[in-house]
Amino acid sequence: MNLPERMKFGIFLGPFHRVGENPTLAIDRDLELVQWLDYLGYDEAWIGEHHSAGWETISSPELFIAAAAERTRHIKLGTGVISLPYHHPLMVANRMVQLDHMTHGRVMLGVGPGALPGDAYMMGIDPTTQREKMDESLGIVLRLFTEDEPITYKSDWFELREAMLQLRPYQRPYMPLAVASVQSPAGVAMAGKYGASVLTITVPRDPSAGPSNLQGLWEIAETSAAEHGQTVNRHDWRLSVPVYLAEDRQQALDEARLGAGRYLREYSEGTNGRKAVFDGPLEEVVDFMVDNGSWIVGTPDDCVTGIQRLAEQSGGFGGFLVQTIDWAPREKMLRSFELLARYVMPQFQGSITSVAASNRWAAERQDLLVSGRVKAIDRAHQVYAERNG
């Protein structure tokens with residue numbers, strides 16, 4: 001398996017909050033989660049942009065990142081993603097550069113064409129043009145980041161007149177760049193074109209179609225990179241998967257059961273109109289999705305196995321992102337992320353290698369070390385008796 005010595009761990013925060021609960025408190029919980037991840041040593045959090053459908057209620061990842069940056073110290077914060085066809089590229093570049101300076105280099109730019117059909121519809125954007133608009137916009141954004149001369153450019157949907165940034169990015173030549181890949185090859189092809197990393201976001205799939213062709217997606221990225229004189233690195237590739245952990249597998253399944261079923265039935269299928277992948281009762285959704293490998297719900301050991309399975313299917317990747325879904329009470333969700341940090345992350349970051357080696361060293365020399373300790377104690381008794389005899 002082509003894995004880095006230290007895999008990155010983080011979250012892909014849509015977010016997913018069921019309609020009917022207090023949205024203000026939901027955003028507060030999202031911020032609390034990022035703070036908790038920062039404390040636990042997670043590497044990154046990617047924040048989504050959505051404008052319709054009622055579940056994914058963060059409309060500006062930049063605003064959220066600005067607030068989260070003030071409450072955290074180490075975790076990197078990415079836009080996951082900015083939907084480029086929705087914005088003038090000069091505004092995208094300016095906002096990201098400002099965040100780059102305000103966070104002293106803790107931001108990452110994730111981009112995509114826009115995922116929710118309702119968003120594009122409300123803005124009068126032809127959905128068949130979104131990927132072309134994204135490509136055009138990203139090229140301009142990167143020029144604004146790197147070029148010294150004013151840029152004049154006229155498109156059928158935006159215009160630049162001698163445009164230039166007042167500030168250059170804090171990170172040089174610019175902040176880490178990632179392109180979202182969901183269901184089509186367009187995302188990985190564009191990542192290759194610009195030498196960007198890939199954010200592969202999994203969606204519920206029909207198991208009759210077989211496992212996702214992750215290896216094929218990466219081959220598209222490499223081919224596209226070669227065609228455009230760029231390079232891409234597997235170790236910058238992130239995979240995003242729904243995860244929920246508890247100390248016991250059945251406990252995890254039972255705790256996530258209702259929330260997982262509601263997410264699939266009410267949002268993925270009922271709101272977004274995705275094809276049903278399971279026609280059984282809501283209470284059995286989580287078991288089905290875990291059994292077909294779409295979700296990871298169980299113990300930390302199950303999560304380790306799931307990541308290893310993804311590594312085999314993909315040929316190797318470098319970042320594992322939990323697709324966060326509100327499918328258990330707040331305190332249990334926080335506990336799930338703690339279990340992942342304590343028992344899963346070390347398996348892929350090399351942080352327990354020397355600890356385990358030290359433990360083996362001591363165990364293998366147990367007789368020698370214990371006999372020395374016994375002799376030392378006996379000697380101490382002897383010296384004490386001689387001095388006080």
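Evaluated with a Cβ-only charge set (Lys, Arg +1; Asp, Glu -1), the stretch 8-351 carries a dipole of roughly 500 debye about its Cα centre, given to the nearest 20.
Taking amide H atoms as placed 1.01 Å from N in the peptide plane, the amide H of Asp326 lies under 5 Å from those of Phe16, each 5 or more residues away in sequence or on another chain. Note down the net charge around Glu222, summing +1 for each Lys or Arg and -1 for each Asp or Glu among other residues with Cβ under 14 Å from its Cβ. Counting the neighbours of Glu222, the net charge comes to -1. Which trypsin sites (Lys or Arg not before Pro) from the stretch 241-348 combine a DSSP loop assignment with at most 13 other Cβ atoms within 10 Å? Of the trypsin sites (Lys or Arg not before Pro), the ones in loops of the stretch 241-348 whose Cβ has at most 13 other Cβ atoms within 10 Å are Lys275. Among the trypsin sites (Lys or Arg not before Pro) within the stretch 40-85, those in coil by DSSP and having at most 14 neighbouring Cβ atoms inside 10 Å are Arg73. Among Pro300, Ser83, Val179, whose Cα sits farthest toward the positive end of the charge dipole of the chain (+1 at Cβ of Lys/Arg, -1 at Cβ of Asp/Glu, about the Cα centre)? It is Pro300. Using Cα positions and a limit of under 27 Å, work out the lysines in reach of Lys154, with same-chain residues fewer than 8 apart set aside. In chain and number order, the partners are Lys133, Lys193. When the chymotrypsin sites (Phe, Trp or Tyr not before Pro) in the stretch 320-389 are filtered for DSSP coil states and for at most 11 other beta-carbon atoms within 10 Å of their beta-carbon, no site remains. Taking Lys and Arg as +1 and Asp and Glu as -1, the other residues whose beta-carbon sits under 9 Å from that of Arg330 total -1. Remark: relative contact order (the chain) = 18 percent; criterion is Cα-Cα distance under 8 angstrom and separation of 6 or more residues. Going by a ≥ b ≥ c, the root eigenvalues of the Cα gyration tensor, does the stretch 53-105 fall in the rounded group (a/c under 1.5), the prolate group (a/b larger than b/c) or the oblate group? Oblate, since a/c reaches 1.5 and b/c is not below a/b.
Helix 300-314 axis versus longest C-alpha principal axis of the chain: approximately 50°, rounded to the nearest ten. To the nearest ten degrees, helix 214-227 and the longest principal axis of the Cα atoms of the chain are 60 degrees apart. With each label modelled as a point 7 angstrom along the Cα→C-beta vector, the His104-Glu386 pair spans 5.8 nm.
Counted over all Cα-Cα pairs of the stretch 8-351, pairs farther apart than 40 Å make up 9 percent.
Note: the stretch 36-144, Cα convex hull, 96 Å³ per residue.
Taken together, the values in this text are just the output of simple stated rules run on the coordinates, not laboratory data. From a predicted model like this one, the values you see are computed outputs, not experimental measurements. We place every Cβ from the backbone using ideal geometry, glycine too, and count neighbours over all the protein chains shown.
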